[in-house]
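What follows is a set of notes on a single structure, which appears directly below.
The values are calculated or read from the model by the stated rules, or taken from the named source; none is laboratory data. Owing to the predicted nature of the structure, the values given are computational and were not obtained by experimental measurement. All Cβ positions, glycine included, derive from the backbone under ideal geometry; neighbour counts span all protein chains shown. Remember, those area values only see protein heavy atoms, side chains included, never the ligands or the DNA or RNA. Shrake-Rupley method; radii C 1.70, N 1.55, O 1.52, S 1.80 Å.
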Amino acid sequence: MTQRKRSRSIRNAAIVGVSTALLGVTAPVTASAAGGSTTDALTWSACEGTGLDPRQECATLDVPMDYADPDGPRIEMAVSRIPAEKPDARRGALLLIAGGPGGSSLNDPSGKGQKLPQDVRDTHDLIGFAPRGLAPSTPADCGLEYGDLATSRLRPWPAPDGSVDGNMTTARRMADACARNGGELIKHLSTANEARDIDRLRAALGERRISAWGVSYGTYVGSVYAQLFPHRTDRIVLDSVDNPDPALVNRAWLAAHERGVEDTFPHFAAWASKPGNPDRLAHRAADVRPLFLRLAARLDREPIPWPGANPEELNGNVLRQTMLDSFAAPGRYPTLARLMRAAAEGTVPPAPQAPPEA
């Protein structure tokens, strides 16, 4: 099976899995049967933003900042929903849990939620949310230096000589900035607290149990929720699973890139050597890997200035990080190919746009 067909099969299996898991022959969990606190009532109104499904509604839920002090300061949690399309057949609520950490599912009811099978959309309210610390929920901001926001710096790429001294310096600088600027809320950003927020949301929705579709880091959130609140789960789908061991959830995710690159590189190489491809890099697929390795090694020794980019140079680690980003989907292959061609020519493409300030 080709990589493209295998990827398509995996995606289709994930969608079918969501459908199958959510449509078991069990009695619906109705709002009238719901338990838990109803003091945090939700008031739904039109959502702000563009390109949203007109049916999507938004609300704000107050939750404790510190669950060890439930009567203390409160923070806001932004939530959204598209109600089940067949109210008479409604089974319950399906929470869409984003990855990251740092991802939001607030607009997912209008987005990937609409790619779910019709029978799921008929029977489930689609629920999105922005996790604590992430706007438009109550945000936390470390005030990091612009250079520390570069993905190739956020990831633990070593220096060309293998040293990790620069990584440690960056980590200490970022930790100090968060301690200095993050305020009280940053002390209470955790997967467990995100799971507790979800349970407050479940209660506010009037659901005795809640279903969830967690993706990537969202699978860890879903696992922790099921551990903390095992009797409040209906159907839980964990899609693109992170290692659930708390000591490995991040480390194993990074290590898995090695296997991912090995699985994907042959497909990229075949694409990058195909006649007629405007971004063709080589005449033979076998030549693409040596080309990449030569370019990365050259950029380690002789970075190319890249005004307006972050960092403002094209170095070996930027090329490697671009590879990881580009291998997420075949539609991103041209980004890597064009950067490799520019590196071979000693030039750079236009600087990538910085993420929005918000």
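Some points to look at:
- Enumeration of residues in the range 187-219 that are part of a helix (DSSP H, G or I), among the hydrophobic types (A, V, I, L, M, F, W, C) and within 18 Å of residue 78 (Cβ to Cβ): 195, 198, 201, 203, 204
- Answer residue from the range 187-201, given it is open to solvent by 10 Å² or more (accessible area, probe 1.4 Å) and charged (D, E, K, R) and is nearest to the chain's Cα centre (by Cα) among those: 194
- Condition check for residue 94: out of contact with any Pro (no Cβ under 6 Å at 6 or more places or on another chain), among the aliphatic types (A, V, I, L, M) and at pLDDT 95 or above: yes
- In the range 70-95, residue farthest from the chain's Cα centre (by Cα) [restricted to those that are within 17 Å of residue 185 (Cβ to Cβ) and aliphatic (A, V, I, L, M)]: 75
- Residues within the range 303-325 that are free of Cβ contacts under 8 Å to residues at least 24 places away in the same chain and in a helix (DSSP H, G or I), tallied: 1
- Failed item, numbered, when residue 236 is tested on (1) assigned to a strand (DSSP E or B); (2) free of Cβ contacts under 8 Å to residues at least 60 places away in the same chain; (3) among the aliphatic types (A, V, I, L, M): (2)
- Some residue of the range 259-276 being under 30 Å from residue 198 (Cβ atoms) and surrounded by fewer than 19 Cβ atoms within 10 Å (Cβ to Cβ): yes
- Flag not set for residue 131, criterion: closer than 30 Å to residue 207 by Cα, under 22 Å from the mean Cα position of the chain (by Cα) and open to solvent by 50 Å² or more (accessible area, probe 1.4 Å).
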